[in-house]
Amino acid sequence: MKLLVGLGNPGGQYEGNRHNIGFMALDAIARAHGITQFRSKHGGLLAEGNIGGEKVILLKPQTFMNRSGDSVQQVAQFYKLPPSDIIVLYDELDLAAGKVRVKIGGGNGGHNGLRSIDPQIGLDYKRVRLGIGHPGKEFVTHHVLGDFAKADQAWLVPLLDAVGKHADMLVKGDDSGFMNKLALATRPADEAEAKPAPKAQSHIRQARPSKPQVELPKTGPMADMLRKLRGE
């Protein structure tokens, strides 16, 4: 059994944020493999199904990003899963938009979700880093909490579709094959030899261009997360 975790923030106002690409990726996996029955449990939205003949649990923590580990730890403990059976998908500032890297273990790279998960389950889980690009240190907060721009759909739609379609490779441990499939899916149109890039699909919310200013909360879980993002 594998636990696949997509990281993000709960609530409609965050749905299209770059910080929520982990949620988007998990939803793509669920669609591709006919996993539909999510329920509220262990501080998250949880669903069970099969991918490539292996039983899987899909989890979207609903505890806000900086407390993701609370939900992940509860699920791992309930199902008696070691870190080696846990796969976490999340946004990565230090990768160019649309690039994907998979690794086991390592540091948290300043990501608040991983900062919460690491001390609760250990470091030796699989990380799927979904690149969103880095706007420069002074713009990080507005970048990660801003919606994907319309132009981003050119790589975001095929990337998410490929994550869903090829999740079986990830579950089976073929990380190199998985990364290769995603790289092929997101090649620029002028580099592809065969088919044009797929059209945007209705299940991907057409994001509005990022606003130059985002109204930021002053208190609560989101405010705590923002302070950590800014290094305060």
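The values are calculated or read from the model by the stated rules, or taken from the named source; none is laboratory data. This structure is a prediction, so every number in the text was calculated from the model and none was measured. Glycine gets a Cβ as well: all are built from the backbone with ideal geometry, and neighbour counts include every protein chain shown. The area values use the complete protein model at the heavy-atom level, side chains included, leaving out ligands, DNA and RNA. Shrake-Rupley method; radii C 1.70, N 1.55, O 1.52, S 1.80 Å.
Tabulated values for the structure
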item: Helix-only CD estimate at 222 nm, as mean residue ellipticity for the chain, using -39500 (n - 2.57) per DSSP H run (n ≥ 4); result: -9500 deg cm²/dmol
item: Solvent exposure of the chain as accessible area per residue, Å², 1.4 Å probe; result: 48
item: Within segment 102-174: Cβ-based charge dipole about Cα centre, in debye rounded to nearest 20 (Lys, Arg +1; Asp, Glu -1); result: 120
item: Pairs beyond 19 Å (Cα-Cα), from 126/150; 55/181; 2/126; result: 126/150; 55/181
item: Calculated Rg and Dmax of segment 1-59 using C-alpha coordinates, Å; result: 11.4, 36
item: Test item: Cα-centred dipole of the chain, Lys/Arg +1 and Asp/Glu -1 on Cβ, debye; result: 260
item: Gaussian network model of the chain, Cα within-10 Å springs - most flexible of 61, 83, 119; result: 119
item: Dipole moment magnitude, nearest 20 debye, segment 1-58 about Cα centre, only Lys, Arg, Asp, Glu C-beta charged; result: 80
item: Cα centroid separation, segment 114-191 to segment 1-59 (Å); result: 14
item: Unit charges at the beta carbon, dipole of the chain: most positive-side option, 37, 123, 6; result: 37
item: Protein accessible area in segment 23-64, 1.4 Å probe - carbon and sulfur %; result: 48
item: Segment 1-118 - convex hull of alpha carbons, volume per residue in Å³; result: 107
item: Förster radius 25 Å - calculated FRET efficiency between residue 184 and residue 103, Cβ distance, rounded to 0.05; result: 0.80
